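The structure's right below; bear with me while I get my questions together.
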Amino acid sequence: MPLRWQILWTNAPGAPLHKADGFAIETQNLRKVYGKKVAVRNLSLSVRCGEIFGFLGPNGAGKSTSIKMLLGLVKPTDGQALVLGAPSGSVEIRRKIGFLPEDFRFYTWLTASELLKLHGKLCGLSALSLAERVPALLELLGLTPHREKRLREFSKGMLQRIGLAQALIHEPELIFLDEPTSGLDPMGRRLVRDVIRAQRERGATVFLNSHLLSEVEITCDQVAFIKQGEIVGTHDLRTESGGEIRVVVSAQKLPAETVAGLTRWCTSIRKEDDLLTFSTNSKEVLPEVHRYLAASGADIFSFTPERLSLEELFLKIMGEDRGL
Amino acid sequence: MRGVWIMADVTFREATRRKIVWAALLAGGAFLTLFAAAMHFQAKDLARYNVPPFIRYQVQSSILQVGFYAADVLAVLLAILTSVDTISGEIASGTIHAIATKPVSRWQILIGKWIGFAGMVAVYVALMFAGVGMVGRVVTGIVTPRIFLGGALVYLECLLALTMTVMCGTWFSTLTNGVIVIGLHGIAFIGGWIEQIAALTNSPHLATVGIISSLLMPSEALWHRASFEMQSSFARTLQFTPFANASAPSVTMIGYAVAYLMIAFATAIHHFCERDL
């Protein structure tokens, strides 16, 4: 961890904020209904302490409503949510929670320093702490030259950065980030990624809602997919063995009945000319599949396993957008 | 209570940075200047025509009521227009999300905001009443009786308008909120004058309509009581002049206005704490 990160976070890495086996977030059958519209149907999820958790879903899937319920901004119609062991919305527990809303906005007449001081005061920080934290966070997020600028002069990217700073001002144990890289250039995105990793290193839990799947893929430990207000799948990005594997085989003289026989190992099979593509849930079966294909007398030129990217997994779970 | 004072402080600073406050101050300053000039020329005319001092006093006291009435209207409008989007606007823009997820209760946020606006309006009412009072004293030599009581009643009227605006802001969008509160104030205005006409014409039906209007929104009744308090005892007996009172609202009506304000305030807190943001 670079020195500047270590100075900023008083909870040194290696001293976790929670027991590793604890849950930062636990929900059971969380439901939110607006009139006749069901925004969140049956949300049950668990997020371990110290994890970077990605929350993925298409527009209108219920992501923002779910986050708002976890933060106590929206009251659930039914179900339960525990955040850091307390019912969601508890005022005391908010001392340990940071939140960057999507499209962060605040009083535009405040300067960057004033905004951080205000949010620090709301979190109960002393003047002494603020005197240390405010310049350090501004430096960390590259806003030191703009510390006395009013927010009305800030670009969208700068607003996102100052929004992230206010979410971190009190060193929260659990941080909700709703589209944190929205409006940021590549350097800004890299910075946010580094900040998120630094949070994990000090033991904080990060709940990340983002449309940028490539960002999520390289940042998160675990992801959940939400569709029409319901969790439809989870995926552990830390384990090499987890998830679906796609295999592309280049072969000639492959009998049709051999291809049909692959169904005992494979979830999907497609054959086009000399290219056979199939998917399986376990890499353990690959040697057996290879032997099976070779035994059929086919000439095999290549046998290439590929892990599905998060984007492919996302599209597979959610289905293609048929809007156009 | 720490959260309340932090919110009050930022709201006061937010309110005083709005252009409308500066517009209201400019309008108030322009009005006071014109008012002082008018009072000055009128005093010269009254002196030129050798109007007896007693009559001169009564005429100038009545015109001073015009000044206080203008201050009252400006202050009420300022209270409504500065606070009209404080809740609904911040919910719509998402600004409230960054605040409501901090370790402060929603009631602290709402009370803090209310105190911030109340502080700004207090400064404005004090400045305007001091200005009109000074004009009266310097130009005509008249010391307005019970000016502090009158100012307090006008301030109560502003707080009532502010509370209604904050309360409706927890339910409605900014535009709807503004229409409702200004509409209610309009009903109160008409009702107040109907009551005065009823007293002059001795019409019990008109009086009932006026009272119902004042019960719906007792803001104008507070002005009428303030005006009554700031009149000379002789003017009170004159019954009806454009800015004096034929019928002063009772102390019970003042109590009703206070109870109305408190219920509106409690309703605003309850609804803001319960609603989704």
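The values are calculated or read from the model by the stated rules, or taken from the named source; none is laboratory data. Predicted, not measured: the structure shown is a model, and the values here were computed from it. Note that each Cβ is placed from the backbone with ideal geometry, even for glycine, and that neighbours are counted across all protein chains shown. With ligands, DNA and RNA removed, areas are computed over all heavy atoms of the protein, side chains included. Shrake-Rupley method; radii C 1.70, N 1.55, O 1.52, S 1.80 Å.
For region A:87-136, which residues satisfy the criterion of being open to solvent by 50 Å² or more (accessible area, probe 1.4 Å) and more than 8 Å from chain B (Cβ to nearest Cβ)?
A:Pro87, A:Lys96, A:Thr108, A:Glu114, A:Lys117, A:Ser126, A:Ala127, A:Leu128, A:Ala131, A:Glu132, A:Pro135
Going by the structure shown, is A:Glu26 open to solvent by 10 Å² or more (accessible area, probe 1.4 Å) and more than 14 Å from chain B (Cβ to nearest Cβ)?
The answer is yes for A:Glu26.
Now for a different question. Check region B:155-165 and report whether any residue there is within 12 Å of chain A (Cβ to nearest Cβ) and either charged (D, E, K, R) or not in a helix (DSSP H, G or I) (or both).
no
Which one of these is open to solvent by less than 10 Å² (accessible area, probe 1.4 Å) and in a helix (DSSP H, G or I): A:Gly188, A:Gly261?
After applying the criteria, what remains is A:Gly188.
Then there's this: Out of all the residues in region A:234-244, is one or more of a type outside the set (Gly, Ala, Ser), within 24 Å of A:Ala61 (Cα to Cα), buried (at least 20 other Cβ atoms within 10 Å of the Cβ) and within 14 Å of the chain's Cα centre (by Cα)?
Yes: region A:234-244 contains one or more residues that are of a type outside the set (Gly, Ala, Ser), within 24 Å of A:Ala61 (Cα to Cα), buried (at least 20 other Cβ atoms within 10 Å of the Cβ) and within 14 Å of the chain's Cα centre (by Cα).
I'd like to know if region A:66-74 contains one or more residues that are more than 12 Å from chain B (Cβ to nearest Cβ), part of a strand (DSSP E or B) and either over 15 Å from A:Asp178 (Cβ atoms) or in contact (Cβ under 8 Å) with a residue 12 or more places away in the chain (or both).
no
On the basis of being farther than 19 Å from A:Glu179 by Cα, without any contact (Cβ under 8 Å) to a residue 24 or more places away in the chain, in a strand (DSSP E or B) and among the charged types (D, E, K, R), does A:Arg291 make the cut?
Taking the combined requirement at face value, the residue does not satisfy it.
I need a count of the residues in region B:36-67 that are among the β-branched types (Val, Ile, Thr) and open to solvent by 60 Å² or more (accessible area, probe 1.4 Å).
Result for region B:36-67: 1.
Condition check: free of Cβ contacts under 8 Å to residues at least 40 places away in the same chain and at negative phi. Does A:Thr277 satisfy that?
Yes, satisfied.
Looking at B:Ala221, B:Ala264, which is the one that is surrounded by fewer than 21 Cβ atoms within 10 Å (Cβ to Cβ), assigned to a helix (DSSP H, G or I) and either at pLDDT below 85 or under 18 Å from the mean Cα position of the chain (by Cα) (or both)?
Exactly one residue qualifies, and that residue is B:Ala264.
Among the aliphatic types (A, V, I, L, M) and assigned to a loop (DSSP other than H, G, I, E, B): which single residue out of A:Leu254, A:Leu315 fits that description?
A:Leu254
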